[in-house]
1. Which order do peptides 71-77, 41-47 fall in by mean Cβ count within 10 Å, highest first?
2. Using label points projected 7 Å from each Cα along Cα→Cβ, tell me how many nm separate residue 53 and residue 82, to one decimal.
3. Once the piece of chain linking residue 64 and residue 91 is laid out straight, how much longer is it, given 0.36 nm per residue of separation minus the C-alpha distance between them?
């Protein structure tokens, strides 16, 4: 997937303007993550970066995933970010997303847009 494809297919673009990174509290790590989706290929990409209070790089990663739609990719981005934090033994982590639906789901204020059951 090219960068242009990712940008063209990204749902609900943020308004133009300067977006400033806000540092986490001392002793915490901020993990920013985002996702994009290519509808024709049913494929998404998740990208994330972890930084300390001074903005120094801790870790970063990307992951290509197959998914039915952009909503699923957005939800999986949060799951992948949590897994990355756990794999790195990062315990005091703030995960920052730009998708309010995902944030509300993580805070248990809503349900995801699909049905699931325990196996």
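1. 71-77, 41-47
2. 2.7 nm
3. Between residue 64 and residue 91, full extension yields an extra 7.2 nm.
Laboratory data are not the source of any read-out in this text; all were calculated from the coordinates shown. Please read these numbers as outputs of a predicted model, since none were measured by experiment. All Cβ positions, glycine included, derive from the backbone under ideal geometry; neighbour counts span all protein chains shown.
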